[in-house]
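The values are calculated or read from the model by the stated rules, or taken from the named source; none is laboratory data. Note that this is a predicted model, so its numbers are computed, not measured. All Cβ positions, glycine included, derive from the backbone under ideal geometry; neighbour counts span all protein chains shown.
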């Protein structure tokens, strides 16, 4: 999803710095983005570490110039029942999304404020922060924190013309996810979504980028739900609820 965001910014003409813990993967993504005809730079960064974040911003600005937009996408998730989450597992998920979003956003804002420049931030949250999702206590908490930060940071930085928004994303299947992939199942996930399909990863990327443009110039502090209406799926005709512990395919209902 982060690669889709980065490519969408590049399609709009932005130069793109790709930051990730694994430099090889970041470079692979940067190479794909560069094929769109823009300058790119890959950076190794642990978003949980403030010194690493500051160094990444310094490197990005040295290579590409002033940073105008920030897309916070770093995250981790895996299905597990709440009582089985260890402290290490909890921290593995929450620190990336909560600490990472906070550290990157505040580093970005401080630089914008110091220079007297405007800016825009887009965060990747999730629609299940409202609806709940079995096996996602760690991720739901982290994504909820992102949504709360979005609103608070937008209020704090409005006077500096720094806009902060988030997308509460639904199911966007991609190469490394199982979202929407229920091969052999009798009820494909897309048939349970009002729009009749899961989202295209490019739709998510395009919406992310467009929120940072003047087209959305008057919008800040908003959590945009992009889920094909899945969060509205409440009817008498819904499939029977199966308790997470009784699901043969795991808490999420698929492996």
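Residues checked against (1) buried (at least 17 other Cβ atoms within 10 Å of the Cβ); (2) under 30 Å from residue 251 (Cβ atoms); (3) free of Cβ contacts under 8 Å to residues at least 60 places away in the same chain; (4) touching a helix residue (DSSP H, G or I) at 6+ places or on another chain (Cβ under 7 Å):
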site	(1), (2), (3), (4)
15	yes, no, yes, yes
26	yes, no, yes, no
38	yes, no, yes, yes
50	no, no, yes, yes
53	yes, no, yes, yes
63	no, no, yes, no
74	yes, yes, no, yes
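Is it true that residue 77 is under 18 Å from residue 144 (Cβ atoms), at pLDDT below 95 and either in a loop (DSSP other than H, G, I, E, B) or within 13 Å of the chain's Cα centre (by Cα) (or both)? Judged against the criteria, residue 77 is a match. Number of residues in segment 103-150 that are out of contact with any strand residue (DSSP E or B) (no Cβ under 8 Å at 6 or more places or on another chain) and over 30 Å from residue 250 (Cα atoms) equals 9.
Rundown of residues vs (1) in contact with a helix residue (DSSP H, G or I) (Cβ under 8 Å, 6 or more places away or on another chain); (2) at pLDDT below 80; (3) loosely packed, with under 10 Cβ neighbours inside 10 Å; (4) not in a strand (DSSP E or B), yes/no style:
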site	(1), (2), (3), (4)
220	yes, no, no, yes
225	yes, no, no, no
228	no, no, no, yes
235	no, yes, yes, yes
251	yes, yes, no, yes
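Count of segment 152-172 residues, restricted to those that are over 16 Å from residue 104 (Cα atoms) and surrounded by fewer than 19 Cβ atoms within 10 Å (Cβ to Cβ), is 5. Within segment 117-172, count every residue that is assigned to a helix (DSSP H, G or I) and farther than 17 Å from residue 75 by Cα. Count: 12. Summed over segment 21-66, residues that are within 19 Å of the chain's Cα centre (by Cα) and assigned to a loop (DSSP other than H, G, I, E, B) total 7. For the residues 119, 100, the requirement of being at pLDDT 95 or above, farther than 18 Å from residue 220 by Cβ and surrounded by 21 or more Cβ atoms within 10 Å (Cβ to Cβ) singles out 100.
Would you check if there is a residue in segment 86-96 being touching a helix residue (DSSP H, G or I) at 6+ places or on another chain (Cβ under 9 Å), part of a strand (DSSP E or B) and in contact (Cβ under 8 Å) with a residue 24 or more places away in the chain? No.
What do you reckon, is residue 124 surrounded by 15 or more Cβ atoms within 10 Å (Cβ to Cβ), over 30 Å from residue 243 (Cβ atoms) and either touching a residue at least 12 places away in the same chain (Cβ under 8 Å) or touching a helix residue (DSSP H, G or I) at 6+ places or on another chain (Cβ under 9 Å) (or both)? Taking the combined requirement at face value, the residue does not satisfy it.
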